[in-house]
Amino acid sequence: MGQLSLVSLDHPEIAPLPVSPRLRSQLVYFMAAPNAPGAPPLGENEYWFDREEVTRWVMEGVFYLVSPLDTQNMTEVELTEEQDALLNWLETNHIQHVRVDE
């Protein structure tokens with residue numbers, strides 16, 4: 001398996017961000033819903049991130065997960081170093097639309 005990276009589709013001039021297989025599997029935690037306002041149609045291995053949510057996560061240093069066992073409650077999860085690097089890359093470069101490349 002080659003090195004995974006995120007390629008910005010809305011700012012192709014930005015250098016891709018290398019990501020681990022683990023972070024690649026966690027992108028769904030941060031992606032916006034496909035029907036979110038402003039979200040483009042997504043192709044295979046594409047993700048779209050809401051800019052306001054990304055900024056909030058960077059500022060708070062946490063995100064929230066809904067447990068499949070308890071959908072009424074959310075768990076606060078501290079960002080890992082790699083998750084924080086991803087969110088800072090998105091925020092700093094004003095990136096919302098990415099594709100995972102191998």
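For region 85-97, the Karplus equation 6.51 cos²θ - 1.76 cosθ + 1.60, evaluated at θ = phi - 60°, returns couplings of 4, 4, 5, 5, 4, 4, 5, 4, 9, 6, 9, 10, 10 Hz by residue, with Gly and Pro reported as x.
Solvent-accessible surface of protein heavy atoms, probed at 1.4 angstrom with all chains present, puts 52, 46, 76 in the order 52, 76, 46, largest first.
Each of 95, 14 has its accessible area taken with a 1.4 Å probe; listed largest first, they run 14, 95.
For region 39-44, 3J(HN,Hα) computed residue by residue from phi via the Karplus equation (6.51, -1.76, 1.60; θ = phi - 60°) reads 6, x, x, 9, x, 4 Hz, glycine and proline entered as x. Under 5 Å between amide hydrogens, built in the peptide plane, is the criterion, and for residue 4 it picks out 19 among residues at least 5 positions away or on other chains.
From the Cα gyration tensor of region 61-102, with a ≥ b ≥ c the square roots of its eigenvalues, which class applies: rounded if a/c is under 1.5, or else prolate if a/b is larger than b/c, or else oblate? Prolate, because a/c is 1.5 or more and a/b exceeds b/c.
Using the rule -39500 (n - 2.57) for each DSSP H run of four or more residues, divided by the residues of the chain, the 222 nm mean residue ellipticity is -9500 deg cm²/dmol. Modelled spin labels at residue 51 and residue 70, positioned 7 Å past Cα toward Cβ, are 3.6 nm from each other. Heavy-atom accessible area with a 1.4 Å probe sorts 74, 59, largest first, into 59, 74. Out of every Cα-Cα pair that the chain contains, those further apart than 22 angstrom amount to 28 percent.
With an a/c value of 1.5 or above and a/b not larger than b/c for the gyration tensor axes a ≥ b ≥ c computed over the alpha-carbon atoms, region 1-50 is described as oblate.
Counting protein heavy atoms only, region 1-68 has 57 percent of its accessible area on carbon and sulfur, 1.4 angstrom probe. Please identify, among 91, 13, 78, the residue showing maximal mean-square fluctuation in a Gaussian network model of the chain using a 10 angstrom Cα cutoff. Evaluated over the chain, the most mobile residue of the options is 13.
The values are calculated or read from the model by the stated rules, or taken from the named source; none is laboratory data. All values reported here derive from a predicted model rather than from experimental measurement. Backbone-built Cβ (ideal geometry, glycine too); neighbour counts: all protein chains shown. Areas reflect the complete protein model, heavy atoms only, side chains present, ligands, DNA and RNA absent. Shrake-Rupley method; radii C 1.70, N 1.55, O 1.52, S 1.80 Å.
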